[in-house]
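See below for the structure under consideration.
The values are calculated or read from the model by the stated rules, or taken from the named source; none is laboratory data. All of these numbers come straight from a predicted model, not from anything done at the bench. Reconstructed Cβ throughout: ideal geometry from the backbone, glycine too, with neighbour counts over all protein chains shown. Calculation scope for accessible area: heavy atoms of the full protein, side chains included, ligands and nucleic acids excluded. Shrake-Rupley method; radii C 1.70, N 1.55, O 1.52, S 1.80 Å.
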Amino acid sequence: MLSGLGALVRKDLLRQVRDVKSLVIYLGVPLLLTFIMGISFGGGVFGGSGISAIPMALAGGDLPGGMRDQLTQGLQETGLFTVTWTDSTEAARLVAEGEVRAALILPDELMSRFFQGDDVVFKLWKDPNSQVKAGIVEAIMTGILGQFQAKEAAYRSLWPDDELGEFGELEEPLEEIFSGDPVRAVRALRTDDGALREELLLRFERGASFGQSMQEPALVLDLHDRQDWAAEDDTRPSRNLYDYFLPAFAVFFMMWGTVAIIRDLHRERENRTLARILTGPVNVATVALGKWVTAVIMASTQLMVLLIAGGLLFGVRVGDAPVALLLVAVATAGAAASVYLILGLVVSTEKAMDALTTVFTLVFGMLGGNFFPIDLMPPALHAVGRITFNYWGNRAFSEIITHGKGLFDVVDELLVLSTIATLGLIVAVAIFAVRQRRGVAA
Amino acid sequence: MIEIKGLVKKYGSTVAVDNISFSVERGELFGLLGPNGAGKTTTISVLSTLLPATEGAAVVAGCDVAKDADGVRRRIGVVPQEIALYEDLGARDNLNFWGRLYGLSGKDLQRRTEEMLEAVELGEHARQKVSSFSGGMKRRLNLAAGLMHGPEVLFLDEPTVGIDAQARGKILALIRRLNEDGLTVLYTTHYLEEAEQLCDRIGVIDRGKMVALGDKDDLIRQIGDEDTISFLLPPERLDELLTLSTKWDLVGDVEHRRGCARLRVRDTARVLPEIQMWLAGQQLPLDHLEVHRPNLETLYLNLTGRALRE
Ligand SMILES: Nc1ncnc2c1ncn2[C@@H]1O[C@H](COP(=O)(O)OP(=O)(O)OP(=O)(O)O)[C@@H](O)[C@H]1O
Ligand SMILES: [Mg+2]
């Protein structure tokens, strides 16, 4: 059985590699499309700042000029946004007319409200016609605010009884002391009142540690290094559309590639080699397994080549968890091979298989999130997407590539994919065996 | 070596093989002769475990085809009627694959492949893609592929179909040689000459039924060793011929069909000149005067009332 399996796989691989035309279709065309996509969306060597920047407006707030500049600069340096400061009326118009994808409205008296511990409400207006880009803005802003709130919470939990409002006796408002000229703040310490000075020193110290905590990326929006930043927060979608499209398209190409390999079973039936094989010392299980192994080897190679090409040329992060990436590639290819093996075996001709698999691949590609992120679909369809094997492959790839996760974070996806692969293979062999019993296997 | 009892194979309502029984001894070269659609391929498919029989039983090389398909598969070689090869691979790659499938590897595989390439005279084309082969070359490689693993029983399904006389001669010679080395062969064909030349025993199959079975020479003797003489004769002269023929010791009656008289005679050397003289004397045409020696064609015609190649 094992030597038979080896012979079958070796023969198939030899034929695939010898067949220049199919190699071109298998690797050349996907690579070309990857390249075009990379130039359009990607970063890295060819892509510059990556995806064309999302226009957004900022309005309101009473940020000191320095912070305002920092915020603008930080947002623009992500490469994702072009920022326009305006007032809230104008911002509303810009969003309504589609000139910006989103507007962030800062509350009035932002700083003093913040230092007094009042609620600070940011408003984000999204362009309803631009789900993806507005969604990216929303997710990023949510992330920034989340960090902000976390740090504030950390501070408050350290000093639960700290009420900044108490300092009425100070000559200047507290925020002036701590956000303004440091020399002035130090001068305020030269008071004769020893108790007050001690109190002030303590405040100063706490203020310094608070200030320090605000120096963290959330406030500064120090986002030059996109990759570190993305790794910190996994709730937001890809900041680079190519991060999403590369694995999604690689999986989609892989599905077609798998069809091409499994389809060979029908060619072998038509040229009678399958019948001849079945008169030899191999059973249908070995033949099915042989095609499966060939498909998995070819398809996972194809996936890895496309991902690595994307990584090398366009700076997609594929190298962080190579083992996880390879395992996901093999598991996804395995699930695909099993599913298409079933589809190939329930029909009797190559033509019928082509028709069936074409419809299937397009529908599954759509539902599973290979054309656009599945989160953009209505919740009902979202649930349907989970029955597709490619959904799980996409999800695992996106965890690794977009969110920088490792092997242990994709165990769920790997389990689902291997289950589909195993059960699918068993079903395929069963169908094949029934065909043989009826005399229509070959 | 091969034993078939009451084999029936139906495709839906089509009865392709209808209650066939025969056996082939070890070392025998058995010919299964029949026209298109007779059921030859179907019989081989059942024997090679590709198709389940509808009824009946078959044992090949000691293994029951229904109960021990694996045992059968290990012991047989099959050369299908179609060229069942990978056209996108070279001759050597093809043979290597079929050898590996049966567990050959390394030096053994290499040696066997070269041996078979030599045997079918394709050594010079070993690297060439099969798609660029001529029909005869493909046929030879198709045969070699079925021999790679050294089977005990070889099923050959019309292995010479569609190739010229020279290529056919080579294939037949190889088969004869293999048989002399002890290989049991079941050979199907619709070429009479092949069966006559090659086989020890012959089964004639027609529309799924075995219409004759036995030793080749016995079968021919069955029809008798009389020759058949036929010539054109207008119907109104038949009476004269009948009177004349009483002294010729005929086998059976004189037949007259479509303006043609046929008579079966024991002593052709004596009768033929007399007929010629009579025809000449009567100013009747001499062309179309023919003498048939009995052969499988005659047998087939007698059995089915049809010519083998129609
Ligand atoms: N898969 C099939 N489905 C239905 N009928 C079939 C099938 N295969 C063969 N037949 C029918 O069974 C009969 C016997 O076919 P078979 O191929 O065994 O004949 P054969 O003797 O090999 O003919 P040939 O010399 O043309 O190869 C034919 O009437 C054929 O039409
Ligand atoms: Mg046939």
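For A:Trp85, the residues whose modelled amide H falls within less than 5 Å of its own, excluding neighbours fewer than 5 places apart on the same chain, are A:Leu58.
The P(r) of region B:192-253 has a tail past 19 Å containing 54 percent of all C-alpha pairs.
With 29 Å as the limit on Cα-Cα distance, the pairs of B:Lys170/B:Lys216; A:Lys291/B:Lys138; B:Lys209/B:Lys247 that go past it are B:Lys209/B:Lys247. The value given for region B:227-293 is a Kirkwood hydrodynamic radius of 11.8 Å, derived from the mean inverse Cα-Cα separation. Each residue of region A:312-442 gets 130 Å³ once the volume of the Cα convex hull is shared out per residue.
Which of B:Asp70, B:Asp215, B:Asp239 ends up with the largest GNM mean-square fluctuation for chain B, with Cα atoms connected below 10 Å? Among B:Asp70, B:Asp215, B:Asp239, the largest GNM mean-square fluctuation belongs to B:Asp239. Three principal axis extents of region A:377-442 based on alpha-carbon atoms, in descending order, are 51, 30, 16 Å. Database remark: amide H of B:Asp206 closer than 5 angstrom to the amide H of B:Val211 (H placed geometrically; neighbours at sequence offset of 5 or more, or on other chains; Pro and chain starts carry no H). Taking the helices alone, chain B has a mean residue ellipticity at 222 nm of -10500 deg cm²/dmol, built from -39,500 (n - 2.57) per DSSP H run of at least 4 residues and averaged over all its residues.
These residues, B:Lys107, B:Lys138, go from largest to smallest accessible area, 1.4 Å probe, as B:Lys107, B:Lys138. For region A:245-277, heavy-atom accessible area (probe 1.4 Å) falls by no less than 10 Å² from the chain alone to the full protein assembly at A:Asn271, A:Arg272, A:Thr273, A:Ala275, A:Arg276, A:Ile277. With the biggest extent put first, the Cα atoms of region B:2-221 measure 45, 38, 33 Å across the principal axes. Among B:Thr184, B:Thr43, B:Thr243, the largest mean-square fluctuation in a Gaussian network model of chain B (Cα springs under 10 Å) belongs to B:Thr243.
What's log10 of I(q)/I(0) for region A:235-332 at q = 0.13, 0.20, 0.24, 0.25 Å⁻¹, Debye sum over Cα points only, no solvent? With one equal scatterer per Cα and no solvent, log10 I(q)/I(0) is -0.57, -0.95, -1.21, -1.28. In terms of accessible area, using a 1.4 Å probe and ignoring ligands and nucleic acids, B:Trp98, A:Trp125, A:Trp392 rank largest first as A:Trp125, A:Trp392, B:Trp98. Count charges around B:Val15 for me, please; just the other residues with Cβ under 10 Å from its Cβ, Lys/Arg as +1, Asp/Glu as -1. Charge balance near B:Val15 sits at +3. Average accessible surface for region A:319-417: 40 Å² per residue, computed with a 1.4 Å probe over protein heavy atoms with every protein chain in place.
GNM remark for chain B: springs join alpha carbons under 10 Å apart, and the peak mean-square fluctuation among B:Ala280, B:Ala261, B:Ala66 falls on B:Ala280. Estimated from the Cβ-Cβ distance and a Förster radius of 56 angstrom, the FRET efficiency linking A:Ile426 and A:Leu196 is about 0.10. Look at the alpha carbon pairs under 8 Å that are at least 6 residues apart: their mean separation over the length of chain B gives a relative contact order of 20 percent. Between A:Leu407 and B:Lys67, the modelled labels are 5.1 nm apart [label points 7 Å from Cα along Cα→Cβ].
Sort region A:249-293 into rounded, prolate or oblate with this rule: let a ≥ b ≥ c be the square roots of the eigenvalues of the Cα gyration tensor; rounded if a/c is under 1.5, and if a/c is not under 1.5, prolate when a/b is larger than b/c, oblate otherwise. The shape class here is oblate.
Karplus-derived 3J(HN,Hα) values for region B:275-280, using 6.51 cos²θ - 1.76 cosθ + 1.60 with θ = phi - 60°, are 4, 4, 5, 5, 4, 4 Hz; glycine and proline are entered as x.
Chain B and chain A together bury an accessible surface of about 2400 square angstrom, both sides counted, with a 1.4 Å probe and no ligands or nucleic acids included. FRET efficiency for the pair A:Lys351 and B:Ser132, taken as 1/(1 + (r/R0)^6) with r the Cβ-Cβ distance and R0 = 25 Å, rounds to 0.40.
Counted by Cβ distance under 15 Å from B:Gly182, the other residues give a net charge of -2, where Lys and Arg count +1 and Asp and Glu count -1. Across every direction, the projection of the convex hull enclosing the Cα atoms of region B:113-267 has a mean area of 13.3 nm².
Taking all protein chains together, B:Asp88, B:Asp206 sort by accessible area into B:Asp88, B:Asp206, largest first [probe 1.4 Å]. By the Stokes-Einstein formula, at 1.002 mPa s and 20 °C, region B:72-166 with its Kirkwood radius over alpha-carbon pairs has D equal to 162 µm²/s.
The simple Förster model, with R0 at 25 Å and r as the Cβ-Cβ distance, assigns A:Asp19 and B:Glu193 a FRET efficiency of 0.05.
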